[in-house]
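One structure is given below, encoded as structure tokens.
The values are calculated or read from the model by the stated rules, or taken from the named source; none is laboratory data. Values in this document were obtained by computation on a predicted structure and should not be read as measured data. A quick note on method: Cβ atoms are made from the backbone with ideal geometry, for glycine too, and the neighbour counts reach across all protein chains shown.
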Amino acid sequence: MNVPATKEPPLVAPRPGRGAAALSITALLVTAALNWQHLAWWCLPLLVLASALHYRAMVRGQALPGTPARLGLALILTAGVLASFRTLNGLAAGATLLAAMTAAKLFEARAIRDWYVIVGATLFLLLAACLDRQQLWRLPLYAFSLWLSVAALRGLGGGAPQPAPTLLRESARQLLYALPLAIVLFLFFPRLPGAFWSLSGDDSAITGLADQMSPGSIARLTESDEPALRARFEGALPPVQERYWRGPVLHDFDGFSWRRHRGEPAAPDAVKYRGTVYRYSLTLEPNSHRTVVALELADPAGAPLAQFTDDFQLISRRPLTQPQGFELESYPHAQRGGELSPEARRIDLDLPEDRNPRSRELALRLRAGATDDAAFVARVLNYLRDGGFVYTLTPQRLGRDSVDDLLFRTREGFCGHYASAFVDLMRAGQVPSRVVTGYLGGVWNPIGGYLLVRQADAHAWAEVWLTGRGWVRADPTAMVAPDRLSRELLQFGGGAAGSGFQLGAASHWITTLLQSWDALNAWWQDDVVGFNFARQLNLADWLGFGDRDWQTLAVALGSGMAAWLLWIAWSLRRITRPGRPDALARAWRRIDRRLRRAGHPRSPQEGVLDYCERLAATHPAAAAALAPLARRYALLRYGPPAAEADAEAELRGFRRAARRLRLPRAAR
Amino acid sequence: MYAALRDRITTRVAAWARRRQGPDEPPLTLRARRLYILPTGPGLSFALLLFVMLIAGLNYTNSLALLLTFMLAAFVLVGMYECQRTLNGLELVLAQAADCHAGGEGVVELRFLNRSAQGRHALAVRCPGARASHFDLDPGAQISVQLPFQALQRGRQRIERLELASTAPFGLFRCWTWLHLPLEAIVYPQPLGTRPLPRGGESRSSRESRAGSPAEEEWTSLRHYQPGDSPRSIAWKAWARGAPLMVAQYQGTGGSEHQLSFAGLEGLELEARLSQLCAWVQECARFDAACSLALPGLDLPLGQGAAHRTRLLRALALYGSGAA
């Protein structure tokens, strides 16, 4: 009779094994640690505490806290996140909230469902880490975290609890199987050309050029070997003296600090592009100021998502939180600017009235002896060259009248000091001028085939308006320290105040090693992290089937997946194939061989006892000889399971009996 | 409403699978053709998680996030294959159902053999509506699984369909198959009844003197309680000390003879009579007493021992069903 279906109990095991729980917690801690840079400070200690308490409760079999305590905890944690970030929005706040709630979940992790939630949260934290940082050196850490998480997931599948090493081994094998499909999906799964929406306020706290410059407040400039940008040139590299990479332009001066002024979009004829042109693809590291730092002076056509301002900055419309690629053309000899509007003139002549009086005096004195603006510029530059100024990265601090202090008291500083002083003098002499920040230089990496510009190459120079010539670059630092300009460096690390190796020819291999590492990083940034819709289409093109469109990608994706499915089915089938037959089957196989030789073959699907019956009808003698063995076989195979030692003895006895079997020959 | 719909769908699907697969006969090897697989609840949640990750990766054009998502998706797909592989190639070498009493729990014994070089995990098998039995199989191992089923009515009970499933390795997918084995359990009547055991003509005088109730001190061995055992024979003292429910077995009562007769039970319904007879047979077996059974149209002579008892109980079970 058929029993009506009722609500059936679940087939999943109610609780994970110790190994799975330990793996889940380890994965959670490792993944949270990978998010340390944007989690609230209290988050990691909280997770460690929660894990320790959970472990204690697990070992001692203590009860976990009840519902009111957990609800209260959740409220306190939410308040904590709000106190730390003032919002629950954004990657950092979201990741902190998630980590905190997972810590709370640890207090109540009992059923398998709770552990699924914990592993899911861990994977989400890993996603947050991936969204936040993509450096190559983090890749193994991310992979490690993924490995732990999926091993934990494996422990939740039910069945007898498996120890952690088994889970790790099995999931490592499984990850290797998964890798080819992941690569196929990565290459061919259609990407989006742009974003649906974006998180706001996420472009903070990234080192690089700043929105403002206060050279007087810096007592020690630490050089950072972090890359700022990489450029692959088609054809020749620009000469060293033309490697000015233009960043934020600073207009507003209060006597001490320089700040940006909101620039208007440039008029279409603001720049006459002429002379030598350099074509290059630029990979820009993330920065906080949204400026596409390009070789002077870039044609904005290569950066359609950026606005070209009237002070010739390329300002990205989106935050530059990810490394981004641009195809650019730059004209170092372009004529910059046709007309200077009265408003622009006012902005770039503005000086605080009551600051730096001695400098103003000096400027007026120098101005008096100059026939025109160009001569005045030359006189000021000469003054800086011959005035006994010193270039240093560890200058003294400057007072409120920073330019006076620099020119008449300390007489030492770096590019920011001299650019600041120079522009102050220019403006006092009624020449419109402004400070340009950016990078100067760049090191050729022969392994990667690109020019690398590091944060340590950060530089500040000036631009002055000369009637008839437009904006002209003037680099006062070059007057003070000519070798700053010509520092053609093959080595990494400037060897100045910061980190860095002072590398001679003897340590050539270190150079090579570092260059290889940087080239690998560049490849990672350009071709993996920077892989996008455009490159997908290029790839489809390169593969050579169809047009550059979605259909081509779909075909590639489909065939890749099909190939993978076949491969995986084949590999797993190989594993499923029967192993060696067991000892009992092997023993019976010998009997089968002898039966065949004796002329009584047994068909493969025929049961042993059935066969005996069939044999008895035709060859009773043979059947009689075989019957005891067949019964013994059936008992061993299908009878009640015996203890291991007994089973061994039974099997030995069966083999002995099988050897003694004498079969009468079949009648011919 | 929802439950009714679900039941209807379940019945339809079961009928479809039965038609599709045909009857099964052990020994049999499970092949891919008869394996079904669907995501579980956690599996659907995980799919949602992956979808959110995909959207995040696409939205921020973040390659690393996408790589992570694709890696996880591929990983789960491998898991799906692995889940199917847990059942694929598994051999069922034996299936049998033991006799049981109506209203109680019967037991089906299944024996599985794993010939492959890989272990098979998180397997579960159950009769419809009953508890599942969980098991794991090491490479090359053989296992005997007992699964309970609800014995409803006296007579023959066909167990049309068993469900064998696995959620390995993640619990995100559940692969299952239905086994339509020729399993038939003989369900004895429920051992119920208050009437005293009738004494045969040859009853012993020694037993008479004991006034029906054996003293607890005189038992010679104990065995576990079974439904239908007389409360009088339970070792209550041992139970009070924390031991499981045991039944005292007595020497000395053996040798008595009882004629159990259907006709002698006037005033009872058919099933109640059979239940009473069943209880008596149990009691006789417990005291190792000989008994005979007289049913309308069937007389089983005096006998003793387990085989005799089974014969009697089966006769009771199948009484009225035509095939005795």
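Structural remarks
- Enumeration of residues in the range B:270-298 that are in a helix (DSSP H, G or I) and in contact with a helix residue (DSSP H, G or I) (Cβ under 7 Å, 6 or more places away or on another chain): B:274, B:277, B:278, B:281, B:285, B:286
- For the range B:305-321, a tally of residues being surrounded by fewer than 19 Cβ atoms within 10 Å (Cβ to Cβ) and assigned to a helix (DSSP H, G or I) returns 6.
- Qualifying residue in the range B:129-148 (condition: within 15 Å of residue B:183 (Cα to Cα), within 7 Å of chain A (Cβ to nearest Cβ) and surrounded by fewer than 23 Cβ atoms within 10 Å (Cβ to Cβ)): no
- Among (1) of a type in the set (Lys, Arg); (2) crowded, with 20+ Cβ neighbours inside 10 Å; (3) away from chain A (no Cβ under 11 Å) - the single one residue B:33 does not satisfy: (2)
- Some residue of the range A:427-448 being assigned to a helix (DSSP H, G or I) and within 27 Å of residue A:256 (Cα to Cα): yes
- Some residue of the range B:162-173 being within 7 Å of chain A (Cβ to nearest Cβ) and either more than 25 Å from residue B:80 (Cα to Cα) or acidic (Asp, Glu) (or both): no
- Among residues of the range A:318-338, those that are at pLDDT below 80 and more than 14 Å from chain B (Cβ to nearest Cβ), counted: 2
- Filter result for the condition that a residue is assigned to a loop (DSSP other than H, G, I, E, B) and modelled with pLDDT of 70 or more, over B:228, B:264: B:264
- Spans of strands (runs of 3 or more DSSP E) in the range A:232-311 with at least 3 residues under 33 Å from the mean Cα position of the chain (by Cα): A:244-253, A:278-284, A:306-308
- Among helices (runs of 4 or more DSSP H) entirely within the range A:321-394, having at least 2 residues that are farther than 25 Å from residue A:311 by Cα singles out A:357-368, A:373-386.
- The set of residues in the range A:420-450 that are within 18 Å of residue A:348 (Cα to Cα) and under 36 Å from the mean Cα position of the chain (by Cα) comprises A:435, A:436, A:437.
- Checked against (1) within 8 Å of chain A (Cβ to nearest Cβ); (2) at pLDDT below 95; (3) under 27 Å from residue B:119 (Cα atoms), residue B:64 passes all but condition (3).
Yes/no matrix, rows are residues, columns are (1) within 7 Å of another protein chain (Cβ to nearest Cβ); (2) free of Cβ contacts under 8 Å to residues at least 60 places away in the same chain; (3) under 27 Å from the mean Cα position of the chain (by Cα); (4) not in a helix (DSSP H, G or I):
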{"residue": "B:17", "(1), (2), (3), (4)": "no, no, yes, no"}
{"residue": "B:24", "(1), (2), (3), (4)": "no, no, yes, yes"}
{"residue": "B:75", "(1), (2), (3), (4)": "yes, yes, no, no"}
{"residue": "B:81", "(1), (2), (3), (4)": "yes, yes, no, no"}
{"residue": "B:94", "(1), (2), (3), (4)": "yes, no, yes, yes"}
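- Check on residue B:87, more than 9 Å from chain A (Cβ to nearest Cβ), over 16 Å from the mean Cα position of the chain (by Cα) and modelled with pLDDT of 90 or more: yes
Per-residue answers, yes or no, for (1) modelled with pLDDT of 85 or more; (2) outside the structural domain of residue A:125 (by TED's automatic domain parsing); (3) in a helix (DSSP H, G or I); (4) within 26 Å of the chain's Cα centre (by Cα):
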position	(1), (2), (3), (4)
A:48	yes, no, yes, yes
A:53	yes, no, yes, no
A:69	no, no, yes, no
A:78	yes, no, yes, no
A:89	no, no, no, yes
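- Candidate set from the range B:36-61 (those that are assigned to a helix (DSSP H, G or I) and in contact (Cβ under 8 Å) with a residue 40 or more places away in the chain); member that is farthest from the other protein chains (Cβ to nearest Cβ): B:43
Listed here are the residues, each with its yes/no results for (1) surrounded by fewer than 21 Cβ atoms within 10 Å (Cβ to Cβ); (2) in a loop (DSSP other than H, G, I, E, B).
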{"residue": "A:130", "(1), (2)": "no, no"}
{"residue": "A:134", "(1), (2)": "no, yes"}
{"residue": "A:138", "(1), (2)": "yes, no"}
{"residue": "A:145", "(1), (2)": "no, no"}
{"residue": "A:148", "(1), (2)": "no, no"}
{"residue": "A:161", "(1), (2)": "yes, yes"}
{"residue": "A:171", "(1), (2)": "no, no"}
{"residue": "A:180", "(1), (2)": "yes, no"}
{"residue": "A:190", "(1), (2)": "yes, yes"}
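- Subset of the range A:238-264 (residues that are surrounded by fewer than 17 Cβ atoms within 10 Å (Cβ to Cβ) and touching a Ser or Thr at 6+ places or on another chain (Cβ under 9 Å)): A:240, A:241, A:242, A:257, A:262, A:264
Residues are listed down the side, and each one gets a yes or a no for (1) more than 10 Å from chain B (Cβ to nearest Cβ); (2) modelled with pLDDT of 95 or more; (3) under 30 Å from residue A:320 (Cα atoms):
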| residue | (1), (2), (3) |
| --- | --- |
| A:109 | yes, no, no |
| A:113 | no, no, no |
| A:126 | no, yes, yes |
| A:143 | no, yes, yes |
| A:146 | no, yes, yes |
| A:151 | yes, no, no |
| A:156 | no, no, no |
| A:163 | yes, no, no |
| A:170 | no, no, no |
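- Selection status of residue A:30, part of a helix (DSSP H, G or I), within 14 Å of another protein chain (Cβ to nearest Cβ) and within 17 Å of residue A:150 (Cα to Cα): no
- Within this structure, residue A:434 fails the test of being over 30 Å from residue A:278 (Cβ atoms) and of a type in the set (D, E, K, R).
- Residue list for the range B:96-120, restricted to those being within 11 Å of chain A (Cβ to nearest Cβ) and surrounded by fewer than 23 Cβ atoms within 10 Å (Cβ to Cβ): B:96, B:109, B:111, B:113, B:115, B:116, B:117, B:118, B:119
- Exactly one residue among B:168, B:102 is of a type in the set (A, V, I, L, M) and over 26 Å from residue A:154 (Cβ atoms), and that residue is B:102.
- The set of residues in the range A:363-384 being surrounded by 13 or more Cβ atoms within 10 Å (Cβ to Cβ) and at pLDDT below 85 consists of A:370 alone.
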